[in-house]
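Visitor: Dropping the structure in here first, questions after.
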Amino acid sequence: MRALNKKMMTLTCAMCLTVGMGAVAYADTVDLGYGLYGSTSPTVKAVEVMRVPTDAKLRNNEQSQIISVANKAAVDAVNTSLKLQAPVQVDPMKGDVLDGFSVYQLQGTDKQGHHVGQLVVVDYSKNAIDQVIGMNKTILEKAPDAEKAKIKSSISKYVDSYSKEKAQQQLQNLKGNTIEGAKLAKDLKMINDKLPTQIMGAFDKMLATDKKSSPKSIEEFRSYVDFMAKQVSLDATHVAYKPVQTRYGTAVTGDLRGSLIYDGFRNTDSLIGYAVPTDKGVSLQILMSDDSSHDYWANELNHMYQTQSLKGGK
């Protein structure tokens, strides 16, 4: 009996360890979609939070449901935005916007301490990109000149549909840009001066679709949002983008080091992004972290992507 109890105890402990370790899936390889994978350096751990493969054959039932719900929400959001923002009538978005997505927490340590970042991967379908190109072409043809100027550098001026080759060609001709110092401060002042009005403008358009709330409740809600909008401001020390050559081919990378300020409180953030064209769509990867970890994660992503600058970038 004692021997049986010992075996049962051993089995129970093994089961607990298995369940405990299975609750969080550790991986040093991250899925970027469309058959692309990234490998972290030996000192960085990648913890999978969520993953929906771009290959439908590799999805389980739960992942299939998640991508279906996400696509419906994305299409609804795009079409709502078009109704509110598009200067002329354009065809509504149809079909899938997303082919897949994934979220990882990246963890690393150096002499400065611990570093944690959230890597979000969103795989945009060729179907959605082609439709956006068509929408922009309609705006360029029919909208007033002031609206046309907002998308004057749109790729839609040069192509009728998306392909990896066309996207890479456009990126190779892209000139990089870095904004810092006085120029950035001037741009931020212009943004912050307009920010409350822009927030309220978007909010008023949303309220215009509300047919259920009473005028009194709408006005009270509007007054509250107006007060909040005046307390918000943005700050940044660095904004940049440039074309690069990676292990996956020609891509574009950009980063922003900034902060969101509300009522005197400051939250500092760093965003580092890559957009990688593929045959089936574009894989967009954004790593979010505290600004103090920016350099650590920039070096890690350079390692993961084997990044090299192109002549087009500064």
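Visitor: For segment 255-288: of the residues being free of Cβ contacts under 8 Å to residues at least 60 places away in the same chain and of a type in the set (D, E, K, R), which is farthest from residue 55 (Cα to Cα)?
Guide: Pass one, segment 255-288, residues free of Cβ contacts under 8 Å to residues at least 60 places away in the same chain: 255-275.
Those still in the list that are of a type in the set (D, E, K, R) too: 255, 257, 263, 266, 269.
Values: 255: 29, 257: 34, 263: 45, 266: 41, 269: 33 Å.
Ranking the candidates gives 263 first.
Visitor: Test each condition in (1) among the polar types (S, T, N, Q); (2) open to solvent by 40 Å² or more (accessible area, probe 1.4 Å); (3) not in a helix (DSSP H, G or I) for residue 127 and report the one that comes out false.
Guide: All conditions are met except number (3).
Visitor: For segment 180-233, give me each residue that is among the polar types (S, T, N, Q), under 30 Å from residue 257 (Cβ atoms) and assigned to a helix (DSSP H, G or I). Outline the logic, then answer.
Guide: The first filter runs over segment 180-233 and keeps only residues among the polar types (S, T, N, Q), leaving 192, 197-198, 209, 213-214, 217, 223, 231, 233.
Then keep just the ones that are under 30 Å from residue 257 (Cβ atoms); that gives 192, 197-198, 231, 233.
Selection gives 192, 197, 198.
Visitor: Can you say whether residue 294 is open to solvent by less than 20 Å² (accessible area, probe 1.4 Å), over 23 Å from residue 34 (Cβ atoms) and either in contact with a Lys or Arg (Cβ under 7 Å, 6 or more places away or on another chain) or part of a helix (DSSP H, G or I) (or both), as far as the supplied structure shows? Let's see the steps before the verdict.
Guide: Working: open to solvent by less than 20 Å² (accessible area, probe 1.4 Å): yes; over 23 Å from residue 34 (Cβ atoms): yes; either in contact with a Lys or Arg (Cβ under 7 Å, 6 or more places away or on another chain) or part of a helix (DSSP H, G or I) (or both): yes.
Criteria met by residue 294.
Visitor: I would also like to ask the following. Which of the residues spanning segment 235-248 are open to solvent by less than 70 Å² (accessible area, probe 1.4 Å) and assigned to a strand (DSSP E or B)?
Guide: Filtering segment 235-248 for residues open to solvent by less than 70 Å² (accessible area, probe 1.4 Å) gives 235-236, 238-240, 242-246, 248.
Scanning segment 235-248 gives 235, 236, 238, 239, 240, 242, 243, 244, 245, 246.
Visitor: Sticking with this one: Do we have residue 47 as surrounded by 14 or more Cβ atoms within 10 Å (Cβ to Cβ), over 22 Å from the mean Cα position of the chain (by Cα) and among the hydrophobic types (A, V, I, L, M, F, W, C) here?
Guide: On the way: surrounded by 14 or more Cβ atoms within 10 Å (Cβ to Cβ): yes; over 22 Å from the mean Cα position of the chain (by Cα): no; among the hydrophobic types (A, V, I, L, M, F, W, C): yes.
Considered against the rule, which asks whether it is surrounded by 14 or more Cβ atoms within 10 Å (Cβ to Cβ), over 22 Å from the mean Cα position of the chain (by Cα) and among the hydrophobic types (A, V, I, L, M, F, W, C), residue 47 comes out as no.
Visitor: May I pose another question? Under 7 Å by Cβ, and 6 or more places apart or on different chains, what pairs join a residue from segment 54-70 that is in contact (Cβ under 8 Å) with a residue 12 or more places away in the chain with one that is open to solvent by less than 60 Å² (accessible area, probe 1.4 Å) and β-branched (Val, Ile, Thr)?
Guide: 63/52; 66/52; 67/52
Visitor: Take the residues in segment 132-156 that are out of contact with any Pro (no Cβ under 8 Å at 6 or more places or on another chain), open to solvent by less than 40 Å² (accessible area, probe 1.4 Å) and in contact (Cβ under 8 Å) with a residue 40 or more places away in the chain; name whichever of them is farthest from residue 32 (Cα to Cα).
Guide: Per the criteria, the residue is 138.
Visitor: When you look at residue 264, is it modelled with pLDDT under 95 and more than 15 Å from the chain's Cα centre (by Cα), yes or no?
Guide: On the way: modelled with pLDDT under 95: yes; more than 15 Å from the chain's Cα centre (by Cα): yes.
Judged against the criteria, residue 264 is a match.
The values are calculated or read from the model by the stated rules, or taken from the named source; none is laboratory data. Predicted, not measured: the structure shown is a model, and the values here were computed from it. Backbone-built Cβ (ideal geometry, glycine too); neighbour counts: all protein chains shown. The protein model used for the area step is the full one, side chains on, heavy atoms only, and it has no ligands, DNA or RNA in it. Shrake-Rupley method; radii C 1.70, N 1.55, O 1.52, S 1.80 Å.
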